[in-house]
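Contents: one structure, followed by commentary.
The values are calculated or read from the model by the stated rules, or taken from the named source; none is laboratory data. It should be emphasised that the depicted structure is a prediction, and the values quoted were computed from it without experimental measurement. Don't worry about glycine lacking a Cβ; one is built from the backbone with ideal geometry, like all the others, and counts go over all protein chains shown. Surface areas here come from the heavy atoms of the whole protein model, side chains and all, with no ligands, DNA or RNA. Shrake-Rupley method; radii C 1.70, N 1.55, O 1.52, S 1.80 Å.
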Amino acid sequence: MSERLRNGERWFDEVYGPGKGANLVAQQTGLAQDLARFGVEFNFGEIYSRPGLTLAQRELLSLASLVTIGGLEPQLRGHTRGALNVGCTPTEILETVIHTVQYCGFPKALNAISVITDELTKQGQEIPPPLGPTD
């Protein structure tokens, strides 16, 4: 195993839990393992490992990016779990989605908040009440 992969797996495991980096690569078949390995090596070994932002900040930024792209529900679910694992609260996660609406529009934000709320519930998290008027 290369040092780059070892470093990437260490950071991946920090976000998703022990052994998850190796599992991501192992779950792929044939050449698809190369793509998964590139993701672990680069995204986590090179980007997530940089100083300057906490893992919680990186996860909120990842969620915001995924929301604005749209159509990436499996990644939204995974990064929601990752955000919880690194200490983000449901309020921080959901407020991140609300913040994106001004950049990506209501359809993408509403789709994302539905997926994320569902994942938060599956993870046993309480969904915060609305902050604005409800009447």
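The table below lists the values:
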{"quantity": "Lone unmet requirement of (1) under 16 Å from the mean Cα position of the chain (by Cα); (2) open to solvent by less than 70 Å² (accessible area, probe 1.4 Å) for Phe42", "calculated": "(2)"}
{"quantity": "Contacts under 9 angstrom Cβ, first residue in segment 46-64 being farther than 21 Å from Lys108 by Cα, partner open to solvent by 70 Å² or more (accessible area, probe 1.4 Å), 6 or more apart", "calculated": "Glu46/Arg4; Tyr48/Glu14; Ser49/Arg10; Leu53/Leu61; Leu55/Glu14; Leu55/Asn85; Ala56/Glu92"}
{"quantity": "Inter-residue pairs, beta-carbon under 6 Å, first in contact (Cβ under 8 Å) with a residue 40 or more places away in the chain and in segment 111-132, second surrounded by 15 or more Cβ atoms within 10 Å (Cβ to Cβ) and of a type in the set (Asp, Glu), 6+ apart", "calculated": "Val115/Glu73"}
{"quantity": "Among the residues listed as Leu53, Leu94, the single one being surrounded by 15 or more Cβ atoms within 10 Å (Cβ to Cβ) and over 11 Å from the mean Cα position of the chain (by Cα)", "calculated": "Leu94"}
{"quantity": "Inter-residue pairs, beta-carbon under 9 Å, first over 20 Å from Gln75 (Cβ atoms) and in segment 4-22, second open to solvent by 20 Å² or more (accessible area, probe 1.4 Å) and polar (S, T, N, Q), 6+ apart", "calculated": "Asn7/Ser49; Arg10/Ser49"}
